[in-house]
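The structure under discussion appears below in the form of structure tokens.
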Amino acid sequence: MNKVALAGQPNCGKSTIFNLLAGVNQHVANYPGVTVDKKSATLTYAAESIELVDLPGTYSFSTFSLEERVAKAFILDEQPDVIVNVVDASNLRRHLYLTFQLLELGRPLVLVLNMMDVAERRGLEIDCDKLSDLFNVRVVKAIGAKRQGKDDILRAVHDAAQTKIVEPFRVDYDRLEPYISQIEEQLSAPDHLTSRWLALKVLEGDDVIVERVGISRETVRDVSREIHSRHDVDVDQMIAGLRYSAADLAYHKCVKEQRQQGETLTAKIDRIVLNQWTAFPILGLVIYLVYQLAIVQGYKLTDYTWPLLAAVRNRFFSLLPQTEFVDVPLLTEFGIWMANSVLALLNYIPIFFILFVLIAILEDVGYMPRMAFILDRIFRKFGLHGQSTLPLVLGGAFVGGCAVPGIMATKGIADERARLATILTVPYMNCLAKVPFYTLLLGAFFKEQMALMMFFISTVTLFIALILARLLTSSVLRSRETAPFVMELPTYHLPTISGVWLRAFQRLWIYIKKVVTIVVAVAVVLFVLLQYPGVAKDKMAEFRSQADTALAEFRLVVEGTPYFSSLDQPEKIYRLLNLNDAYRADRMLAASADAVVLLDQKYLEMEPELFAIIAAADQDARRINRALRNLSNAGRRLQLDMKNEKITNSYLGTFGRVLEPVTRYAGFDWRINVAFLSSFAARESAVATLGSIYEKGATDATPAEVMAEDGAYTPVHAASMILFMILTPPCIATMVVVKLQSGSYKWMLFAIFFPVFTGVVLSALFFSAAVQLGWSGVDLMRNFYMGVAALALLLGFVKNKQSGWYVGKTH
Amino acid sequence: MELKQLRPTLSLSDLKKNETGQVVYSLAQGTLKHKLISMGFVPGIQIKMVRNAPLRDPIEIAIQNSLVTLRRTEAGLIVVEKL
């Protein structure tokens, strides 16, 4: 098997070449220990199997960026048989800089001239044979975006694998040559690398290599000091300069520029897109479109996908052991809980998919770095990066979003400090699933001021994120690696459909795999915490006697009717109850009158006798049907009471009560604590839990109305709850992604506990102040808003001491 | 050498829109130095100031057929000769 590494500078179209070669048969993982994607594929050519690995895009093999370290480690440790170097043919001179470094490695190399169509359009005539002679390598033309060149590349790789390099390529390093040979003599080189390449790396002060080849740091320091004193040159700049001039020479030998280049299309587009006056409106439009398509339209799409998921869920429920009136078997309860937890996440798949597609398009087009170019100045003030824009927007910088794709989009941020700060602030954005919670409380307590409150809620989050980012980057993240902002603004490209699809599917699949597994694990834990130790014996007996009474009443109605024979056993009554519930559930999903007819038909065939009652076929059946409805309601009420009793008694309930002495200052009693605790599984649960705790059974009133009438809470309580919810920790799915993208559990724990801490402290502070000073709920919210906004503006004006760079010394 | 001294040098961040220059040397160290080298900022290379960002910082430079953006603080470390 031949091991082949795909190398190239960023923006050379390497991923399209990889997709071209690998097709769908590719595997995405991480390089060990880091969050850099490792794409690989196994393919066959001429009866030989090839293992193809896509190295991260790098400009060189120094140690200064994660991608470079990863790429270098791969070449050192995995010893690829052939290196495929992809270069942008329309920008050959620049891309040859990496080619020279790869040639010096002394491994068989295939040079792929990608984007030949662009080069031709620009009037560049590239003499491949000359290039091939000059470097003594195989040169292949390709157009990755048009799927051209696959066979040629594979044939060249196959041939290259057979060759053995006797004398490796060398660049003349002029005055440095004596020093290179001096080091070469001292080092011990492994077989697969040339000693010259290693000596060059040593001279460049590459610590990783220095350690490997058994040369002392002192020797290296002495040599570079000598060069400095004798020739007065900076070794790195000199080596790079010589490589660039070698590239320049090769370029002039092999490329004819047919006509004077006019203004390129990219330059024309940039004159509008990056223009002083139009840049912001266009950026706003792009962000609005992404938001509108993914979040708003995606959310609408879930209206169509939800019934499908619900149908699967109902099918699954029907397989679980049947409920016997008020006795729900443990397995059934567990199954329902798990299915609902997983479904809550799967429900968002349309949103995520659209988002991933749009992100892939923006990446391929080349707009991402331009976004950073436009906004960097603002974000830098708060320790963030121009590239933080998209993650924050996806997280819900407007009315609502989702932190999961937001955090996933932080991947491209080169600056480690800004990237971590972005990861930790995105969860503060407005999560879509928080909206029902807000509407519940606003509906109950702030009917008149709803719009104003919603405005406060949705805009305060951005200020909070900016403050937090500034605080983090000037404290815990202070010592984090920062990267220079320096980056290429790539040529605009039309994205390819297959490339975009493939990337979106890969990301979606990773999300499903990672997130759902963890959510399942946490859901199990939460289930146990909510289920045990269970209801006390005497309480249980009380519930049971109530259930028996209800059953007895029902039996009284049935006695003497022709239907008695089919309802003379308790099991038969349970059966009728379950059939009734199942029918009602299916009926809800039936979209048309025809579907209802079909449904009735199905049930009639299944249970002809019992269905007569459900369909209220005659006088007696109608009477029984009425009694059945009462029984069903009584059962539901009892189940609810039992559930409440169970939650009250549960470990989580106990924990909620333990917290009460602290949360009291924020106006939260134990019931609210439980709701917040369970919201960790998924934000939706907060509403569900509050709903079930407050539901008074038979009334038709919404939970909002019940809460308002309950009297235990005032609008100030509600405002305090909203304040806490704004700051509250992210859901598990987000936690998992924080862990994935930050690569550490430490940050995940920080992302959980810091918001809880600030949430409790701030809501306690504002609640107490409100009680003391007689603020209304709206006052509380407004004061909080103004405080936060003022702090954010203040921090924006205070000069950030760390500009990232200081002016160096001249010698 | 004498002739070279006569040409005034200035930092890259002081170039105005559409002005061209030649890199003389860079004062950057560590990561920034290597990043700049890998983007092509080595002595002798010609560059052109393309534009400022809408908020004046960062700036966009054309170098060797490609467009590179860098912050003013970073560009301040590159010494160029105006052409």
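The values are calculated or read from the model by the stated rules, or taken from the named source; none is laboratory data. Keep in mind the model is a prediction, meaning the values are calculated, not measured. Cβ: placed from backbone, ideal geometry, glycine included. Neighbour counts: every protein chain shown. Heads up: the accessible areas ignore ligands, DNA and RNA and are worked out on the full protein's heavy atoms, side chains in. Shrake-Rupley method; radii C 1.70, N 1.55, O 1.52, S 1.80 Å.
Taking 0.36 nm per residue of separation and subtracting the Cα-Cα distance, what length does fully extending residue A:664 through residue A:132 add?
Answer, rounded to one decimal: 183.8 nm.
Please turn the phi angles of segment A:116-127 into ³J(HN,Hα) values with the Karplus equation 6.51 cos²θ - 1.76 cosθ + 1.60 (θ = phi - 60°), one per residue in order, whole Hz, x for glycine and proline.
Whole-Hz 3J(HN,Hα) from phi for segment A:116-127: 4, 5, 5, 4, 5, 4, 7, x, 9, 10, 9, 8.
Between residue A:36 and residue A:756, what FRET efficiency follows from the Cβ-Cβ distance if R0 is 35 Å, with the result rounded to 0.05?
0.65
Treating only the Cβ atoms of Lys and Arg (+1) and Asp and Glu (-1) as charged, compute the dipole magnitude of chain A about its Cα centre; round to the nearest 20 debye. Kindly include the intermediate steps, with their values, before the conclusion.
Details: 81 positive and 80 negative charges, 281 e Å.
The calculated dipole for chain A is roughly 1360 debye.
Whole-Hz ³J(HN,Hα) for each residue in segment A:70-75, computed from phi via Karplus 6.51 cos²θ - 1.76 cosθ + 1.60 with θ = phi - 60°, x for glycine and proline: what do you get?
Taking θ as phi minus 60°, the curve returns 5, 5, 5, 4, 5, 5 Hz for segment A:70-75.
Per-residue accessible area for residue A:337 at 1.4 Å probe radius, Å² rounded to 10?
Per-residue accessible area (residue A:337): approximately 70 Å².
Too long at a 19 Å Cα-Cα cut-off: which of A:3/A:39; A:539/A:572; A:537/A:643; A:38/A:201; A:39/A:746?
Result: A:539/A:572; A:38/A:201; A:39/A:746 exceed 19 Å.
Assign one of three labels to segment A:422-503, namely rounded, prolate or oblate, based on the Cα gyration tensor with a ≥ b ≥ c the square roots of its eigenvalues; rounded applies when a/c is under 1.5, prolate when it is not and a/b is larger than b/c, and oblate otherwise. Working shown, then result.
Values: a/c = 3.11, a/b = 1.49, b/c = 2.09.
The shape class here is oblate.
Separation of segment A:468-512 and segment A:528-548 by C-alpha centroid, Å?
52
Mind ranking A:422-434, B:38-50 by how tightly packed they are, going by the mean number of other C-beta atoms within 10 angstrom, highest first?
Highest mean packing first, the order is A:422-434, B:38-50.
Rounded to the nearest 20 debye, what is the charge dipole size of segment B:9-82 about its Cα centre when +1 sits on each Lys and Arg Cβ and -1 on each Asp and Glu Cβ? Could the numbers behind the result be given before it?
Values: 10 positive and 6 negative charges, 26 e Å.
About 120 debye.
Under the rule of -39500 (n - 2.57) per DSSP H run of 4 or more residues, summed and divided by the residues of chain A, what mean residue ellipticity at 222 nm is obtained, to the nearest 500 deg cm²/dmol?
Taken over chain A, the calculation gives -20500 deg cm²/dmol.
7 Å from Cα along Cα→Cβ at both residue A:600 and residue A:493: what's the point-to-point distance in nm?
Those two pseudo-labels are separated by 6.1 nm.
Among A:428, A:383, A:357, flag the residue with its Cα farthest along the positive direction of the charge dipole of segment A:318-446, charges on Cβ as +1 for Lys/Arg and -1 for Asp/Glu.
A:383
Determine the sum of side-chain charges near residue A:95: Lys and Arg each +1, Asp and Glu each -1, restricted to other residues whose C-beta is under 11 angstrom from that of residue A:95.
Net local charge, residue A:95 excluded: +2.
Going highest first, how would you order A:718-725, A:482-489 by mean Cβ packing within 10 Å?
Working: A:718-725: 26.4, A:482-489: 23.0.
The peptides rank, most packed first, as A:718-725, A:482-489.
What shape does segment A:491-630 take by its C-alpha gyration tensor, where a ≥ b ≥ c are the square roots of the eigenvalues and a/c under 1.5 counts as rounded, a/b above b/c as prolate, and the rest as oblate?
Judged from the Cα gyration tensor, segment A:491-630 comes out oblate (a/c at least 1.5, b/c at or above a/b).
Just tell me how shielded B:67-78 is by partners: mean number of partner chain Cβ atoms within 10 Å of each residue's Cβ, no decimals.
For peptide B:67-78, the averaged partner shielding equals 6.
So between residue A:147 and residue A:293, what do we pick up on full extension, going 0.36 nm a residue minus the alpha carbon distance?
49.6 nm is the gain from fully extending residue A:147 to residue A:293.
Give the ranking of A:553, B:81, A:416 by solvent-accessible surface, highest area first, calculated with a 1.4 Å probe.
Order by accessible area, largest first: A:553, A:416, B:81.
Note down the accessible area of residue A:78, probe 1.4 Å, to the nearest 10 Å².
My reading of the accessible area for residue A:78 is about 80 Å².
Roughly how big is the B-A contact, given as buried accessible area in Å² (both sides, 1.4 Å probe, nearest 100)?
Details: alone 5610 and 38600 Å², together 40200 Å².
Using a 1.4 Å probe on protein heavy atoms, the buried area is about 4000 Å².
Suppose accessible area is computed on protein heavy atoms with a 1.4 Å probe; arrange A:277, A:509 from highest to lowest.
Output order, biggest surface exposure first: A:277, A:509.
Once a ≥ b ≥ c are taken as the square roots of the eigenvalues of the Cα gyration tensor of segment A:202-361, is the result rounded (a/c under 1.5), prolate (a/b larger than b/c) or oblate (a/b not larger than b/c)?
oblate
Any chance you could look up the accessible area of residue A:354 with a 1.4 Å probe, heavy atoms only, rounded to 10 Å²?
40
Around residue A:627, under 13 Å between beta carbons, what's the net of Lys plus Arg minus Asp minus Glu among the other residues?
Taking every other residue near residue A:627 into account, the sum is +2.
If you rank A:223, A:597 by how much accessible surface each has, with a 1.4 Å probe, what is the order from largest down?
My answer, sorted largest first, is A:597, A:223.
Do any residues of segment A:42-71 show a loss of at least 50 square angstrom of accessible area between the isolated chain and the full protein assembly, using a 1.4 Å probe, and if so which?
A:59, A:64
Taking the Cα centre of segment A:347-478 as origin, sum charge times position over the Cβ atoms of Lys and Arg (+1) and Asp and Glu (-1), and report the length of that vector in debye to the nearest 20.
360
Return a single number: how many Lys pairs in segment B:9-82, at a sequence separation of 8 or more or on separate chains, have alpha-carbon atoms below 18 angstrom apart.
For segment B:9-82, qualifying lysine pairs total 5.
Can you pull the mean other chain C-beta count within 10 Å for peptide A:226-236?
The shielding value for this peptide is 1.
Per the 1.4 Å probe, what fraction of the accessible area of the protein assembly as shown, in percent, lies on carbon and sulfur atoms?
Its accessible area is 58 percent carbon and sulfur atoms.
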